[in-house]
Amino acid sequence: MLEGLDSITKSRYAFYIIGYPIEHTLSPTMHNAVFKALNIDARYDILKVKDDMLKYAVDALRICSNGFNVTIPHKVRIIEYMDALDDSVMRVGAVNTVSNSDNILKGYNTDYYGFIQPIKSRGIKIKGMNALVLGSGGAARAVVAALMDEHVASITLAIRSSDRSDALIKSIRSRGIGCDVVMLRDVSKYSHGKDIIVNATPLGMRGMSDSVPLSSKDISSSSIVYDLVYNPKDTQLIKHAREAGATVIYGYEMLVEQGAKALEIWLGIDAPRDVMSDAVLKGLSH
């Protein structure tokens with residue numbers, strides 16, 4: 001039995017987030033704050049789904065949900081269970097949002113949009129920059145796709161294993177963008193002088209013993225450091241970036257933007273980002 005599956009089906013609309021581990025997520029706090037503020041009869045909750053339960057979870061959600069979000073480690077594998085894919089998935093190669101219309105599941109990637117909006121809102125132009133991206137999973141794929149579309153000059157991937165990064169490397173090089181690959185454990189040797197550094201791994205997440213292996217001395221003051229981890233708000237990477245005098249972008253900003261895009265897909269609404277941000281920041285302060 002999937003824990004939490006029957007918890008919210010009494011509402012008109014039922015939404016979930018699936019993944020494992022998932023206790024850290026503030027997506028329910030954020031989305032339920034929107035539903036309350038806009039007086040929408042809907043609920044959003046957590047569904048813990050391990051690898052061996054993914055197909056069962058998708059089958060169940062097809063029946064009892066109006067849509068759901070997907071987080072680690074399922075963003076790539078879940079593609080095989082979709083009935084249709086949005087262009088954003090074709091661009092990124094990962095799904096983080098699923099709509100359910102008459103039991104037809106369509107996969108989207110709102111991480112792409114969520115990642116780039118906080119950069120654009122600051123008026124930062126990343127064209128021609130040299131980027132360092134930590135990770136090669138679903139979140140990293142969205143980051144890389146956005147960086148390529150913004151015409152960065154080069155992307156260095158810091159990875160744990162080359163097993164699942166070959167396609168990502170090939171896609172970068174096919175766009176005529178320089179691509180180097182380094183091991184994540186050695187990332188401090190390559191970080192200094194990078195224009196933008198993005199952590200697209202779970203390292204630094206609340207409850208994890210490991211954090212990104214970068215100290216303040218490994219970061220240039222001219223760099224932009226963007227940590228997709230949002231819980232805690234001030235990750236070790238963010239703290240070290242501030243110590244180095246770098247520009248920082250917080251993971252909760254991406255959480256809000258990708259969530260707003262998901263609500264637009266599910267309900268056709270222009271989500272109140274101020275309500276979403278306030279809910280997330282309040283959740284992070286507890």
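Return a yes/no flag: does the range 25-32 have any residue that is at pLDDT 95 or above, buried (at least 16 other Cβ atoms within 10 Å of the Cβ) and of a type in the set (Gly, Ala, Ser). Yes: one or more hits. Just one of the listed residues (ALA131, ALA158) is part of a strand (DSSP E or B), over 27 Å from ASN69 (Cα atoms) and open to solvent by less than 50 Å² (accessible area, probe 1.4 Å), namely ALA131.
Would you confirm whether or not the range 80-93 contains a residue that is assigned to a loop (DSSP other than H, G, I, E, B), surrounded by fewer than 20 Cβ atoms within 10 Å (Cβ to Cβ) and of a type in the set (A, V, I, L, M)? Yes - at least one qualifying residue is present in the range 80-93.
Does the range 97-116 contain any residue that is more than 21 Å from ASP87 (Cα to Cα) and open to solvent by less than 10 Å² (accessible area, probe 1.4 Å)?
Scanning the range 97-116 turns up no residue that is more than 21 Å from ASP87 (Cα to Cα) and open to solvent by less than 10 Å² (accessible area, probe 1.4 Å).
Could you tell me whether the range 49-59 includes any residue that is over 23 Å from the mean Cα position of the chain (by Cα) and in a loop (DSSP other than H, G, I, E, B)? Checked against the condition, which is being over 23 Å from the mean Cα position of the chain (by Cα) and in a loop (DSSP other than H, G, I, E, B), the range 49-59 yields no hits at all.
The values are calculated or read from the model by the stated rules, or taken from the named source; none is laboratory data. Given the structure is predicted, the values throughout are model-derived calculations rather than measurements. Cβ coordinates were reconstructed from backbone atoms using ideal geometry, including for glycine residues, and neighbour counts include every protein chain displayed. Just the protein is used for accessible areas: all its heavy atoms, side chains included, with ligands, DNA and RNA removed. Shrake-Rupley method; radii C 1.70, N 1.55, O 1.52, S 1.80 Å.
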